[in-house]
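Right, one structure below, let's go through it.
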Amino acid sequence: MYESRPSAMSSFWMPFTNNRDFKRDPRLLVSAKGMYYRDVDGRELLDGAAGLWCVPCGHGQPKIAEAIAAMAGQLDYAPTFQMGHPAAFELAERLMAFSGHRFGHVFYTGSGSEAVDTALKMALAYHRARGEGGRTRLIGRERGYHGVGFGGISVGGIGANRKHFGPLLPGVDHLRHTHDLERNAYARGEPEHGVELADDLERMVALHDPSTIAAVIVEPVSGSTGVLIPPKGYLKRLREICDRHGILLIFDEVITGFGRLTTPFAGDWFGVEPDLMATAKGITNGAVPMGAVFSKAFIHDAFMEGPAGIELFHGYTYSGHPLACAAALATLDVFREQGVIENAARMQPYFEEALQSLRGLPHVIDLRSIGIIAAVELAPIAGQPGARGYAALKQAFADGLLIRITGDIIALSPPLVLEKKHVDELFGKLARVLTQLA
Ligand code: PLP
């Protein structure tokens, strides 16, 4: 099924893609199993990116495929507006348990972008429900990626994702990013320097007054902007400042959630609890689109204490889609039965050490990692930012390796079911790619 080259390629306007270049020399994937993709020419490619960070349990998990097929036969679709179906409720309970019962409630969306916009709207509406409707300001961070909805790009901090799309949401401010190669290059885990950057939030409080600020949103580890790991103590300090001023803290765990840092969520790794948490991707092992916002009980309860009737005028046709719920329930089973997070924790030191083997190779200016995430930052070609990274992507594909790039940064996030032989293959292939680059 769909294993040969498509007869035409022009009609599909591809997302976040150099369409013209791709269609001249396409990279077409036709099947996947475990740690590998297979392309249209029958070549195997090691998946160094877990698709788009979204396949923690590896590809083709039979239990997940069977659960989706069974649900498609039983209940193809059911609304969750003034209606419901059992799997959506069962999944919510299971997700609460997976988060160690640190949250009280979960709201389903269809994607990470929708989860982010949902969390932002919840924060605004929460303050309003409590009679603090003046808290309308949202704070993001430079180089943050929060998907592509208007809320997400407004709080997001990647210039190229914002500049084409007009004025965006009003009343948004941005903390400075924490990337600092001068002080922190080649850090393992959390960098030493930069905790003071969290004090940007105090400066914004002084500037705008806390009574105008609804929420701060950050990725605990920025992924799509090139793996920016927070400096030691940074997230704790953000939490403290938020608490001091009644500001909600939102973690965007779309990438970091579901085991990527060797803990269920990144908040667990850092010992910092957000008030709202946006998730997606790994929740269904990437098999069916789904996002979810985890909410502390006090936020949810503020709505439940309001006037009778619909408490939150928000939701999506595909909130709690039966196929997504079936996939997510099966994914949670696989996490438990196969010890996926435990395996990631076991492999982490080997993965981190293997990354360091790239030190000294051409163009490499930094190597950093946390959990099962690693970045190889390359020096840009003068006057052509991103060109070297793109060349690396193409060369890696030709050499049987799927990687993710942002600009000149290679991000690695293989499925968490990796073994030592995959780590060896990943970094061995990447080393060859780097030595071939101009
Ligand atoms: N937030 C973060 C941190 C992400 O990395 C992504 C996607 O990569 C999103 C949000 C958006 O998710 P989606 O592409 O499912 O809308």
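The values are calculated or read from the model by the stated rules, or taken from the named source; none is laboratory data. A quick note: this is a predicted structure, and the numbers were derived from the prediction, not measured. Glycine also receives a Cβ, built like all others from the backbone with ideal geometry; neighbour counts cover every protein chain displayed.
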Neighbours by Cβ (under 6 Å, 6+ apart or cross-chain): first from region 107-131, more than 16 Å from the ligand (Cβ to nearest atom); second assigned to a helix (DSSP H, G or I): TYR126/ILE299; TYR126/ALA302; ALA129/ALA302; ALA129/PHE303; ARG130/ALA302
Residue among ALA324, ALA344, ALA354 that alone is in the same structural domain as THR263 (by TED's automatic domain parsing) and hydrophobic (A, V, I, L, M, F, W, C): ALA324
Answer from ARG188, ARG162, ARG244, ARG137 - the residue that is at pLDDT below 95 and charged (D, E, K, R): ARG188
Set GLY257, GLY306, GLY291: member being at pLDDT below 95 and either aromatic (Phe, Trp, Tyr) or in contact with a helix residue (DSSP H, G or I) (Cβ under 7 Å, 6 or more places away or on another chain) (or both): GLY306
Qualifying residue in region 386-403 (condition: in the same structural domain as LEU29 (by TED's automatic domain parsing) and within 24 Å of THR331 (Cα to Cα)): yes
Condition broken by ALA87, with the remaining ones in (1) assigned by TED's automatic domain parsing to the domain that holds GLY291; (2) surrounded by fewer than 19 Cβ atoms within 10 Å (Cβ to Cβ); (3) small (Gly, Ala, Ser) satisfied: (2)
Residues of region 29-71 satisfying the condition of being outside any strand (DSSP E or B) and without any contact (Cβ under 8 Å) to a residue 40 or more places away in the chain: VAL40, ASP41, GLY42, GLY60, PRO62, ALA69
Every residue from region 392-416 that is crowded, with 23+ Cβ neighbours inside 10 Å and in a loop (DSSP other than H, G, I, E, B): ILE403, ASP408, SER413, PRO414, PRO415, LEU416
Residue check for PRO307: away from the ligand (no atom under 15 Å from the Cβ), within 23 Å of ARG188 (Cα to Cα) and either surrounded by fewer than 24 Cβ atoms within 10 Å (Cβ to Cβ) or assigned by TED's automatic domain parsing to the domain that holds TYR77 (or both): no
Options PRO220, PRO274; residue that is within 16 Å of the ligand (Cβ to nearest atom), touching a Ser or Thr at 6+ places or on another chain (Cβ under 6 Å) and within 30 Å of LEU332 (Cβ to Cβ): PRO220
Out of GLU196, GLU182, GLU240, sole residue that is under 19 Å from LEU276 (Cα atoms) and without any contact (Cβ under 8 Å) to a residue 24 or more places away in the chain: GLU240
Residue in region 343-365 that is aliphatic (A, V, I, L, M), in a loop (DSSP other than H, G, I, E, B) and touching a residue at least 24 places away in the same chain (Cβ under 8 Å) present: yes
In region 1-23, the residues that are surrounded by 11 or more Cβ atoms within 10 Å (Cβ to Cβ) and of a type in the set (Phe, Trp, Tyr): PHE12, PHE22
Exclusive hit being in contact (Cβ under 8 Å) with a residue 12 or more places away in the chain and either away from the ligand (no atom under 16 Å from the Cβ) or surrounded by fewer than 19 Cβ atoms within 10 Å (Cβ to Cβ) (or both), set ARG102, ARG162: ARG102
Filter pass, ALA292 being in contact (Cβ under 8 Å) with a residue 12 or more places away in the chain, in the same structural domain as GLY110 (by TED's automatic domain parsing) and on the phi < 0 side of the Ramachandran plot: yes
